[in-house]
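Let me begin by presenting the structure, written as structure tokens, before commenting on it.
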Amino acid sequence: MTADGIEPEQQPGTLVAEIDASPLSVAELNYRLSQLDEGCKAHVSGIPSSLSGVGAGFDRSIDLQVVGSVGPFAFMLGQRAKIEITQGAGLACGHSFHSGSLLIRGDCGPHVACYALGGLVTVYGKAGDYAGYGLSGGEVVIRSRCGLAAGAAMRSGTLVLGNGTGEMLGQGMTGGVIFARGTVAGLGEGVRAVPIKDADSLRLGLLLARAGLKTQLSEFKAFRPLRPASSGGSS
Amino acid sequence: MSILDEIVLLAPEFRVLEALDSLEPLDSLAPPSSMGPHAIEPSPNSEPARQLPLPFVLRETSQEQVGTRWNELCGLLKSYGLAIQCPAAQLQGVPGNSVPIRMAKQSIDESFLAGEFQSADIIVLSLRSVRLDSWAFPPELGSEANLPHWIEAVRQACRATKPIAIELPMGVDTKTLEKVVAAPIDILSLVADSNMPDEIIVESLVRARSILRSHSQSDLPIQVQSRHSQPDHLIKLLGLGGSVVAIDGVLNELWAESPDLPRGFLSKVESRVNEKSECPIHRKIRLLNQAFFSAIDLRCSSPLENLGQRLRALSDRAEKIAQIPFLGS
């Protein structure tokens, strides 16, 4: 609000909301988020890490920055927003993510972006076990190390692992593709290494660019299921 | 302590079973003089919108199975006040104004679909994997301590406007049941596999009701799905602690009468319907409801009074949370 008490006009891309979440319950916080105008920017701070389901079902086309970290199942079923979390995230952040983008600058817990159907989820820090579990069309980029069984049960979509993988990579995957750079500790059952074709290389490069990362594409290897499901995944 | 010892301790539940065993077989049961305040005698030729209370639900019967008469079946469900449950991804195929309550089932190991949560009246979260036959606590949740977080996140995703049920297999261990009961759920759903012995079904249901009592959750409804197809068996499951039972076993017998599903069955149904007869679905559902309310009339002692109260509690809860009007006068 300006000095003369007049509220500034809301312009697309203009910072219009600062939300202090510390006194709010998760229901109150999610309600405040749902009332934000389309096309605007917002900052949220002070979210207690114990809150579950922050931003669950969030469906606004806005730029949202969460200052701090979030608890389990944050932004589950998220759609259309461009979300940035400046620190870490708990269990299953971005579960069933539908569209838009989600950037986690810190470390995240297990099952990040599990069952994600679309959109782009990027983790700049380390990811826990089962990153991208059951991925169903979304795109996930983990810049740093990841834990056990990344890409397990993948059905479609793309998982990019930028600094080595744990054991059981892609265990039980039936579709999609995993691009891994660095040491692969062990492959899961039903997974094979495949040559990276030009189309894959182009797609990987574009995906990394969207995730705000750059590296030598030649350092990556690709992995696909031995026997893809007939309903398939994205190639 | 063995399972048999547990059943002995829960003897009061079996007084209810004995009472139900003493009822006459359905075919010879005289229509009661009063069917209670909550029932309306349905007429095959009546207009839709006759409604009955909600002790029964249709699960696992799909549009694919019924074919082109799906809308007609949904209208029939509405005339008897029956809820329908189907996988969340198929819920759009259930016309919203043709059934009283639509329940969307979401399995733990599938992507959640935002659109279906908006249209469902009740959300059923199944902890059973669609890919694995045997039961194991889902790895997606990490540990049982994360179960309340998951439920809360789903509740937030649908803006806390819909009741949430958790589905478990019959025979699940007590520790898991206790963790689920301690989580913020609205309905407990227990599902029996097709080859599960009756002893396990009975024990699981009675044990679940006992655990609810010990956690001060006596009002929590239990939805039961089993393979039973005889109306009196379903009534017994209500007497043993179920609040709502699935009647798919009853209807599956009707589907099985014709090998040429779905068209063969439906043509047989059409050929039977005339001014003086009912179609098999009408008759079976009418008998179920007659038997149920007759049991309440004949046995006014506390075990069955509690049964009626539990059912009323279910409908009241649905009315408050999902804003679905209580079905019945």
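The values are calculated or read from the model by the stated rules, or taken from the named source; none is laboratory data. Remember, predicted model here, so these are calculated numbers, not experimental data. Using ideal geometry, Cβ is built from the backbone for each residue, glycine included, and neighbour counts are taken over all protein chains shown. Accessible surface areas use protein heavy atoms only, side chains included; no ligands, DNA or RNA. Shrake-Rupley method; radii C 1.70, N 1.55, O 1.52, S 1.80 Å.
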Qualifying positions in segment B:173-203 - at pLDDT 85 or above and among the polar types (S, T, N, Q): B:Thr174, B:Thr176, B:Ser189
Subset of segment B:148-170 that is of a type in the set (A, V, I, L, M) and in contact with a Pro (Cβ under 9 Å, 6 or more places away or on another chain) - its residue that is farthest from the other protein chains (Cβ to nearest Cβ): B:Ala165
Could you go through segment A:142-157 and let me know if any residue there is more than 12 Å from the chain's Cα centre (by Cα), at pLDDT below 95, within 12 Å of chain B (Cβ to nearest Cβ) and at positive phi. yes
Some residue of segment B:87-98 being closer than 17 Å to B:Leu190 by Cα and modelled with pLDDT of 75 or more: yes
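So that you can scan it fast, the table gives a plain yes or no per residue for (1) buried (at least 24 other Cβ atoms within 10 Å of the Cβ); (2) part of a loop (DSSP other than H, G, I, E, B); (3) in contact (Cβ under 8 Å) with a residue 40 or more places away in the chain:
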| residue | (1), (2), (3) |
| --- | --- |
| A:Ala92 | yes, yes, no |
| A:Leu102 | yes, no, no |
| A:Cys114 | yes, yes, no |
| A:Tyr130 | yes, yes, no |
| A:Gly134 | yes, yes, no |
| A:Ser144 | no, yes, no |
| A:Met154 | yes, yes, yes |
| A:Glu167 | no, yes, no |
| A:Ala180 | yes, no, yes |
Spot the failing condition for B:Leu132; the list is (1) modelled with pLDDT under 80; (2) part of a loop (DSSP other than H, G, I, E, B); (3) under 23 Å from the mean Cα position of the chain (by Cα), and only one is missed. (3)
Test of understanding: among B:Thr161, B:Thr174, which residue is in contact (Cβ under 8 Å) with a residue 60 or more places away in the chain and loosely packed, with under 15 Cβ neighbours inside 10 Å? B:Thr161
If we scan segment B:222-242, do we find a residue that is farther than 21 Å from B:Ser194 by Cα, at pLDDT below 80, of a type in the set (Ser, Thr, Tyr) and touching a helix residue (DSSP H, G or I) at 6+ places or on another chain (Cβ under 9 Å)? no
Test A:Ser50 against the stated conditions and say whether it is more than 8 Å from chain B (Cβ to nearest Cβ), at pLDDT 95 or above and within 17 Å of A:Ala21 (Cβ to Cβ). no
Please enumerate the residues belonging to segment B:105-120 that are at pLDDT 80 or above and either at the interface with another protein chain (Cβ under 9 Å from one of its Cβ atoms) or open to solvent by 10 Å² or more (accessible area, probe 1.4 Å) (or both). B:Lys105, B:Asp109, B:Glu110, B:Ser111, B:Phe112, B:Leu113
Can you report the number of residues in segment A:87-98 which are more than 10 Å from chain B (Cβ to nearest Cβ) and more than 10 Å from the chain's Cα centre (by Cα)? 3
Where residues in segment B:184-228 are without any contact (Cβ under 8 Å) to a residue 12 or more places away in the chain and acidic (Asp, Glu), which of them is most open to solvent (accessible area, probe 1.4 Å)? B:Glu199
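Would you confirm whether or not segment B:94-102 contains a residue that is over 22 Å from A:Ala74 (Cβ atoms), buried (at least 20 other Cβ atoms within 10 Å of the Cβ) and either facing chain A (nearest Cβ under 10 Å) or touching a Ser or Thr at 6+ places or on another chain (Cβ under 8 Å) (or both)?
Within segment B:94-102 (the criterion being over 22 Å from A:Ala74 (Cβ atoms), buried (at least 20 other Cβ atoms within 10 Å of the Cβ) and either facing chain A (nearest Cβ under 10 Å) or touching a Ser or Thr at 6+ places or on another chain (Cβ under 8 Å) (or both)), the answer is yes, since at least one residue qualifies.
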Only one of (1) surrounded by 17 or more Cβ atoms within 10 Å (Cβ to Cβ); (2) touching a Pro at 6+ places or on another chain (Cβ under 7 Å); (3) of a type outside the set (Gly, Ala, Ser) is not met by B:Val180, so which one is it? (2)
May I ask you to list the residues in segment A:55-76 that are surrounded by fewer than 22 Cβ atoms within 10 Å (Cβ to Cβ) and aliphatic (A, V, I, L, M)? A:Val67
Exactly one of (1) within 22 Å of B:Val154 (Cβ to Cβ); (2) open to solvent by less than 10 Å² (accessible area, probe 1.4 Å); (3) in contact with a helix residue (DSSP H, G or I) (Cβ under 8 Å, 6 or more places away or on another chain) is unmet by A:Leu24. Its number? (2)
Inside segment A:205-216, can you point out the residues that are more than 18 Å from A:Leu102 (Cα to Cα) and modelled with pLDDT of 90 or more? A:Gly205
For A:Glu84, indicate whether it is more than 9 Å from chain B (Cβ to nearest Cβ), part of a strand (DSSP E or B) and surrounded by fewer than 19 Cβ atoms within 10 Å (Cβ to Cβ). yes
The correct count of residues that are in contact with a strand residue (DSSP E or B) (Cβ under 9 Å, 6 or more places away or on another chain) and in contact (Cβ under 8 Å) with a residue 24 or more places away in the chain in segment A:182-228 is 28
B:Ala145 versus (1) more than 12 Å from chain A (Cβ to nearest Cβ); (2) open to solvent by 10 Å² or more (accessible area, probe 1.4 Å); (3) outside any loop (DSSP other than H, G, I, E, B); (4) of a type outside the set (Ser, Thr, Tyr): which is the lone unmet condition? (1)
